[in-house]
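The values are calculated or read from the model by the stated rules, or taken from the named source; none is laboratory data. The structure displayed is predicted, hence computed values, not measured ones. We place every Cβ from the backbone using ideal geometry, glycine too, and count neighbours over all the protein chains shown. When the accessible area is computed, the model is the full protein with side chains, heavy atoms only, and any ligands, DNA or RNA have been set aside. Shrake-Rupley method; radii C 1.70, N 1.55, O 1.52, S 1.80 Å.
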Amino acid sequence: MARDGFVSGIRVLSTAEAQTLRRILLAHESAQPGGTLSGDSRFKLHLLLPAVCDLVRHPLLVRAVSEALGTEDLLCWSSDVNMKQEHSATFASAHQDSTYANLIPSDGALTAWVAISDAPVESGCLVMAAGSH
């Protein structure tokens with residue numbers, strides 16, 4: 001299933017489902033102090049929001065994760081949201097998630113990135129380096 005250490009192009013949510021999840025996340029964000037998700041408020045949303053819990057349990061996502069790890073014994077360690085507004089100059093520099101999350105051994109864990117809005121290259125979307133993961 002994986003090529004070069006990552007898999008792309010798996011459609012987990014329909015456009016309508018992604019739009020619904022985006023509306024829920026934006027409503028949650030606006031209810032936060034300062035109207036933004038930052039710091040710890042971005043993490044473990046699957047424990048707070050049923051819609052995010054549904055996403056981490058989505059059969060298509062679970063199947064892809066299970067196949068990538070070669071096991072059905074799965075645990076969602078964390079979930080986080082990275083909101084990047086249109087025309088934003090913010091960016092995340094190159095990194096490997098396992099370093100930040102202290103996932104040891106790293107070959108027993110993965111990050112599943114699910115876009116809930118368009119993420120064109122011009123906007124600074126996620127880029128993976130072949131063989132780096």
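From the phi of every residue in the range 41-48, what ³J(HN,Hα) in whole Hz does the Karplus formula 6.51 cos²θ - 1.76 cosθ + 1.60 yield, where θ is phi - 60° and glycine or proline is x?
My calculation for the range 41-48 gives 5, 7, 9, 6, 5, 5, 8, 9 Hz in order.
Quick one: with all protein chains in place, what share of the accessible area of the range 3-56 is carbon or sulfur, to the nearest percent (1.4 Å probe)? Each step should come with its number before you reach the end.
Working: 1890 of 3420 Å².
C and S fraction of accessible area: 55 percent.
Hey, with R₀ at 25 Å, roughly what FRET efficiency would H87 and V127 work out to, going by the Cβ-Cβ distance, to 0.05?
Here the calculated transfer efficiency is 0.85.
With a 1.4 Å probe and every protein chain left in place, tell me how much accessible area R23 has, in Å² to the nearest 10.
140 Å²
Order 27-40, 9-22 from most to least packed using the mean count of other Cβ atoms within 10 Å. Show your work: numbers first, answer last.
Working: 27-40: 11.6, 9-22: 13.1.
For the peptides 27-40, 9-22, the packing ranking is 9-22, 27-40.
Using a 1.4 angstrom probe on the protein heavy atoms only, could you order F91, F43, F6 from most to least accessible area? List each step's numbers first, then the result.
Numbers: F91 165, F43 80, F6 45 Å².
I get F91, F43, F6, largest accessible area first.
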